[in-house]
Amino acid sequence: MIEYDAAGLTVPTPAGDRLVLEATSLRLTERRIAVVGANGSGKSTLARMVNGLVAPSVGRVLVDGVDAARHGARVRRHVGFCFTDPAAQLVMPTCVEDVELSLRRVERNPARRRQRALAVLERHGLADHADVSVHALSGGQKQLLALAGVLATEPSVLVADEPTTLLDLANTRRVGELLLGLEQQLLLVTHDLELAARCDRVIVVEEARIRYDGAPDAAVADYVASVAA
Amino acid sequence: MSQPVLVGIYQPGHTVLHRLPVGVKLAGLAGFSLAIVLVRSMPAALVFLAVALGLALLGRVSLPTLLRAARGVLVVALVVAGLQWWLGGYAKAVETLVDLVTLALAAAVLSATTPVHAMLDAVVRWVGPLRRVGVDPERVALTFTLAIQALPATITLAVETRDAARARGLRSPRAHLAPFVVRVIARAHETGDALAARGVGDD
């Protein structure tokens, strides 16, 4: 379970303190939770607090009772994170080597690590690309590989920050289906309202605060109405 | 649209070079590089080039990989050779050019016949004893690897930034350099975040 305990963030700037996210309290127990909102509204900050990438300046975020900011390494063993741009996540030359990088901390034996990495690629339909350069993949394949790398360590929670924003329609659907079909708890930051509507709960963020939090249809309708207003 | 420069691409195989231990290959590369730097003559430079090409044949490294490796250093090699021409004459310039291309080819042979994780594991083993004085071998190995892997991405950013400046009709070096530096730093931050998110370096 993910719990925001009055967690908020203010950052100092030359022009004075800037509120990025006001103190927020949430208990996320549903399997698939979407976060929608305008660019710069605070969605990504909300998501990044879950695995300690961003530490709140007030309050705290707990994952299964563990403070994500104070025990980041412990939390990251159970919380995977997928970014918008897969190019920043893929750091090894070939697909299999990139998945192996994720597995280094859980599997020390090189031969077994390679086998596990190949099995992960097989699961995500990338078995034929094991020895292919990560630079030679299409955008959709890169995002699938980035996801495969994150899921290789079998986290119990996956946070995905706009994972389909850079993808074409076919790959958006492919990645969307993969995400919604996961067994893991999913916290999905997205601009894809169709995808958000298929989640169990939707949070609308507006100007650094939670504007709406509830059932998908009502939340999406509220967001659309707020944009139209 | 510019193609990304591909370096450090392992090509699976069962040649003698593929089977050699990583330490032997790295020591060999270090010795070979030293010899290239220390033995200064045109005939020696051509012999070294022939040796590098022979090793590429032995390791069955593909021609495109060799060409990309040579192309990767060509700009720097031409600039350095130009400087040598000005300082020491034509023969010196050609020798320098050949030496630099030979070094790039030798490095390409090593990375084409050695999986990245084998190199990572080797560095972790070598740095292992320093754990007692607080050094994290995994982190050291990862730093080496990232430094090498960052090259293609950085070159791609440079080419993209140059293309963007050209598209806007900007010719000044500042129009290339300033956004390039900003993008490199931004990419470094993104990669750092991505590695942290994957728990790399946490243990």
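Each reported figure results from applying straightforward, stated rules to the coordinates on display, with no laboratory input. Everything quoted here is computed from the prediction, not taken from an experiment. Virtual Cβ from ideal backbone geometry, glycine too; neighbours counted across all protein chains shown.
If you put +1 on each Lys and Arg Cβ and -1 on each Asp and Glu Cβ, how big is the dipole of chain A around its Cα centre, in Debye rounded to 20?
Taking the Cα centre of chain A as origin, the dipole is about 780 debye.
Determine the calculated [θ] at 222 nm for the protein assembly as shown from helices alone, applying -39500 (n - 2.57) to every DSSP H run no shorter than 4 residues and normalising by the residue count; nearest 500 deg cm²/dmol.
-17500 deg cm²/dmol
Using +1 at the Cβ of each Lys and Arg and -1 at the Cβ of each Asp and Glu in the stretch B:130-197, identify which of B:V182, B:Q149, B:L195 lies farthest towards the dipole's positive end.
B:V182
Taking just the alpha carbons, could you work out the radius of gyration and Dmax for the stretch B:130-197, both in angstroms?
Using the Cα atoms of the stretch B:130-197, the pair Rg, Dmax is 16.3, 56 Å.
So what's the protein assembly as shown giving for Cα Rg divided by 2.2 N^0.38 Å, two decimals?
1.12
Sort A:V150, B:V181 so that the residue with the fewest other Cβ atoms within 10 Å of its own Cβ comes first and the one with the most comes last.
Result, fewest neighbours first: B:V181, A:V150.
Roughly how big is the stretch A:33-149's charge dipole about its Cα centre, with Cβ charges of +1 (Lys, Arg) and -1 (Asp, Glu), in debye to the nearest 20?
In debye, rounded to 20, the stretch A:33-149 gives about 520.
Please average, across the residues of B:133-142, the number of beta carbons from any other chain that are within 10 Å of each residue's own beta carbon, and give a whole number.
Per-residue shielding by partner chains comes out at 1.
With a Förster radius of 35 Å, plug the Cβ-Cβ distance of A:R209 and A:T29 into 1/(1 + (r/R0)^6) and report the FRET value to the nearest 0.05.
0.95
I need B:R168, A:R74 ordered by Cβ neighbour count within 10 Å, fewest first.
B:R168, A:R74
Between B:R125 and B:L67, what FRET efficiency comes out of the Förster formula 1/(1 + (r/R0)^6) with R0 = 41 Å and r the beta carbon distance, rounded to 0.05?
FRET efficiency, B:L67 to B:R125: 0.75.
Could you put A:S226, A:S41, B:S172 in order, starting from the residue whose Cβ has the fewest other Cβ atoms within 10 Å?
If I rank by nearby Cβ atoms, fewest first, I get B:S172, A:S226, A:S41.
Distance in nm between label sites at B:L74 and B:L53, each 7 Å beyond Cα in the beta-carbon direction?
1.6
Within a 10 angstrom radius of each residue's Cβ in A:97-109, how many Cβ atoms of other chains show up on average? Whole number is fine.
Counting Cβ atoms of other protein chains within 10 Å of each residue's Cβ and averaging gives 4.
For the stretch B:136-147, take each phi angle, set θ = phi - 60°, evaluate the Karplus expression 6.51 cos²θ - 1.76 cosθ + 1.60, and give the result in whole Hz per residue in order, putting x for glycine and proline.
9, x, 4, 5, 5, 4, 5, 4, 4, 4, 5, 4
Nearest 10 degrees is fine. How inclined is helix A:216-228 to the longest principal axis of chain A, computing both from alpha carbons?
60
Using a 10 Å cut-off around each Cβ of peptide A:68-75, what is the average number of partner chain Cβ atoms that fall inside?
2
Just to be sure I follow: if Rg is taken over the C-alpha atoms of chain B and Rh is the Kirkwood radius over the same atoms, what is Rg/Rh?
Computed over Cα atoms, the ratio is 1.01.
Treating the beta-carbon of each Lys and Arg as +1 and of each Asp and Glu as -1, no other charges, what is the dipole magnitude of chain B about its Cα centre, to the nearest 20 debye?
Approximately 380 debye in magnitude.
May I ask which residue of B:P115, B:A91, B:G13 lies farthest towards the positive end of the charge dipole of the stretch B:1-127, with charges of +1 (Lys, Arg) and -1 (Asp, Glu) on Cβ and the Cα centre as origin?
After comparing all options, I get B:G13.
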